[in-house]
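Student: Take a look at the following structure, please.
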Amino acid sequence: MNLEILEDRQGWYEDYQANWLRHYQETGETLWKIYQRPRNTTAPSGKAINLSESRLVLITSAGSYLKDEQTPYDAENDLGAYDIRLYSSSTPLNKLAYAHTHYDHTAVNADPQVLVPLLHLDDLVSEGVVGELAPNVISFMGYQPDVMRVLDETIPAIITAMKAENAQAALLVPS
């Protein structure tokens with residue numbers, strides 16, 4: 001069975017343009033009470049895997065990036081940032097910064113593992129629960145109100161990165 005990632009894609013986009021985006025363009029205000037969240041009646045899924053024999057890639061929407069090496073996300077853009085960053089799964093957590101203004105950073109500042117659980121994943125690999133961790137983390141800024149851009153830009157970039165990592169499984173940690 002071939003399921004769409006988003007059911008009624010065109011209907012969602014028409015509503016987005018006519019309501020939330022039009023209001024934003026006219027007022028500069030991000031009025032979330034009129035934002036129509038995408039909804040599916042059936043969840044897309046794939047075949048089952050044996051996680052203990054698989055390479056897992058960590059995907060985080062924390063807006064994390066290497067603070068001394070990578071350009072931050074455009075966190076102040078009310079229309080979102082749709083690009084991704086890759087960094088090594090062995091990156092020390094104190095080398096990361098978080099360019100994302102749409103969540104409270106108190107928890108991630110206190111313990112980065114709440115959004116980038118690399119040490120916990122290393123433990124799961126050591127215990128044999130996960131076969132291995134992919135060499136790189138895939139990060140993006142989760143504030144992306146235009147679902148069409150998520151479907152056409154962010155998801156394809158993530159899939160391309162996952163394929164380059166030879167990952168059979170992914171753990172998405174949302175911010």
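The values are calculated or read from the model by the stated rules, or taken from the named source; none is laboratory data. Every value quoted in this text rests on a predicted model; they were computed, and no experiment measured them. Note: ideal-geometry Cβ built from the backbone for every residue, glycine included; neighbour counts use all protein chains shown. Accessible surface is based on the protein model in full, side chains and every heavy atom, while ligands, DNA and RNA are left aside. Shrake-Rupley method; radii C 1.70, N 1.55, O 1.52, S 1.80 Å.
Student: So, in the chain, how many Lys pairs have Cα atoms under 28 Å apart, if the pair is 8 or more places apart or on different chains? Write out the running numbers ahead of the final one.
Tutor: Values: 47/163; 67/95; 67/163; 95/163.
Pairs that pass both the separation and distance tests number 4.
Student: Here are labelled values, (i) 9.4; (ii) 11.3; (iii) 10.1, and one is the computed mean projected area of the Cα convex hull in nm² for what I pasted. Which one?
Tutor: Computed from these coordinates, mean projected area of the Cα convex hull in nm² corresponds to label (ii).
Student: So if I place +1 on the C-beta of Lys and Arg and -1 on the C-beta of Asp and Glu, and nothing else carries charge, what would the dipole magnitude of segment 92-175 be about its Cα centre? I want it in debye, nearest 20.
Tutor: Numbers: 3 positive and 10 negative charges, 39 e Å.
For segment 92-175, the charge dipole is close to 180 debye.
Student: Among 135, 44, 145, which one shows the highest mean-square fluctuation when the chain is modelled as a Gaussian network with alpha-carbon springs under 10 Å?
Tutor: Most flexible of the set in this elastic network: 44.
Student: Right, here's the next one. Would you mind working out the accessible area per residue for segment 11-119, using a 1.4 Å probe, and quoting it in Å²?
Tutor: Details: 6250 Å² over 109 residues.
Ligands and nucleic acids excluded, the figure is 57 Å² per residue.
Student: Further, regarding this structure: About its Cα centre, how strong a charge dipole does the chain have in debye, to the nearest 20, once Lys and Arg get +1 and Asp and Glu get -1 at the Cβ?
Tutor: Numbers: 12 positive and 24 negative charges, 45 e Å.
Dipole magnitude for the chain comes out near 220 debye.
Student: On to the next question. So how do 33, 67, 163 rank on accessible area, 1.4 Å probe, biggest first, that is with the largest at the start? Walk me through the numbers before you get to the answer.
Tutor: Working: 33 175, 67 100, 163 145 Å².
Largest accessible area first, the list is 33, 163, 67.
Student: Could you give the nm distance between label points at residue 9 and residue 52, where each point is 7 Å from its Cα heading toward the beta carbon?
Tutor: Output for this residue pair reads 3.9 nm.
Student: What does DSSP give for the chain in terms of the percent of beta bridges that are antiparallel, rounded to the nearest 5?
Tutor: 50 percent
Student: Looking at the chain as a GNM with Cα springs under 10 Å, which of 49, 159, 59 has the largest mean-square fluctuation?
Tutor: 49
Student: Could you tell me which of 64, 131, 88 has its Cα farthest along the dipole of segment 1-142 towards the positive end, charges placed at Cβ (Lys, Arg +1; Asp, Glu -1), taken about the Cα centre?
Tutor: Farthest along the dipole direction, towards plus: 131.
Student: Which percent of the accessible area of the chain is formed by carbon and sulfur heavy atoms (probe 1.4 angstrom)?
Tutor: Values: 4940 of 9920 Å².
Carbon and sulfur: 50 percent of the exposed surface of the chain.
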